[in-house]
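Here's the structure we're looking at; comments come further down.
Since every read-out is calculated from the coordinates, none of them should be taken as a lab result. Predicted model, so just to flag it, every value in this text is computed and none were measured. Because the Cβ atoms are built from the backbone with ideal geometry, glycine has one as well, and the counts that use them run over all protein chains shown.
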Amino acid sequence: MAHDVSTALIVGGGIAGLSAAIALSRAGVQCEVLELADAPGGASLALSGRATEALDELGVYDALHARSTPFTDGTTAAHQMDEHGRLLSKGPQRPQWPGAKTPLGVHRPALLELLQETAQGLGAEVHRGVTTQTVDERGDGVFVTTTDGREARYDLVVGADGIGSRTRSRIFPESPRPAYSGQFSFRWMLSGPPIEGEGWYNGPEGRLGFYHLPGNLIYVPAVVDLPEGTWLTEEDTYAHFTRLLDSFTAPAVVELRRRLAPGADLIARPFEWILLPAPPGTGGAPSSSVTPRTRRPHTWAWVAGWRSRTPSSWGSASRRSPPCRRPSTPSWSGDTRGSPSSSRRAWPCPVWSRKAPPPPRTWPWPPPRSWPSDSPTDNPGRGGASRAPAPHRP
């Protein structure tokens, strides 16, 4: 890549964008990252399988391990209980393949801070509170103006700006749009002493789980079904979450309810998903790395995926997955693992050439609903299972 690309602009400084900056910097590409948020934010997420291996390949796994909660063999964080606290099923065993890493539960700001420190240590520049204003591809490069008034030319522009990516819309205006999954994600970060009974609880109003994090933090993700178009105020969010906790009699959840008070740090977001087929001319095999597909010195690229429109979710892998591929007939029910990268169904192309038009929408749309596994990554905060449509298991 170093012979084709020497400068890259990455639009989006979340987990995908900063990871791309690390990988490109290690390949000798001078990177700049634009991120609208003034500081890293969000709740928590759990990472396992291929996700932890990818962090190891980026050279950050060991440092992240020291800032995280390792899910060792004795953890109950992925156990499934009913509303009374009775065990329904134990969580899956740790991956056993050579090189498998211990799954981690991490505070999202801690992960973002580590990724940013690593990228900057490799020479990447990170600009916060900034995004692109205009992007113009000419014969000798991609010319970009930013919202802080700067102008520059780049060989490569990478869009890593989320499920509602403006970069994607610029390149492929007719590409699919995010769709509502039928569920809302609730996330609660609270401080306090540990509570016995980590795991996931399934009740009549929805599902919730919790696990502990360093710094005396407890992360509580939950999922409830709500009609499309629902808009929740802070008061609505508190009322819904209170009603959910009140539907359980399990001692651990009762204790969580006791600690809940008005003004709690609650996040409520709708789960949305998007599936993007491989572009024409790739042989139906999307690339799994940010690599230009043409010999031209300048190209567009973007990181694709699905997740909830929330600060704390990132598609993680719950087991080793094959290289990205598009089967001739996608199957939505053959694999019930929670994250896209862990399944053997079609995986969206991380990089598209600027000149590749989007293919028509020919796959099952939307996919049918199905039940997830009890993997710790099959949930809105990656800490337990929840009911969700096939492309994205919250």
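Working ranking of peptides 76-82, 54-60 by packing, defined as the average number of other Cβ atoms within 10 Å per residue, highest first, is 76-82, 54-60. Taking only the alpha carbons of the stretch 91-175, we obtain Rg and Dmax values of 18.3, 54 Å in that order. Using the average count of surrounding beta-carbon atoms within 10 Å as a protection proxy, the listed peptides 8-18, 222-232 rank, highest first, as 8-18, 222-232. Which GluC sites (Glu not before Pro) from the stretch 68-162 combine a DSSP loop assignment with at most 16 other Cβ atoms within 10 Å? Hits after loop and neighbour filter: GLU83.
When each of the peptides 193-204, 251-262, 88-99 is scored by the mean number of other C-beta atoms lying within 10 Å of its residues, the order from highest to lowest reads 193-204, 251-262, 88-99.
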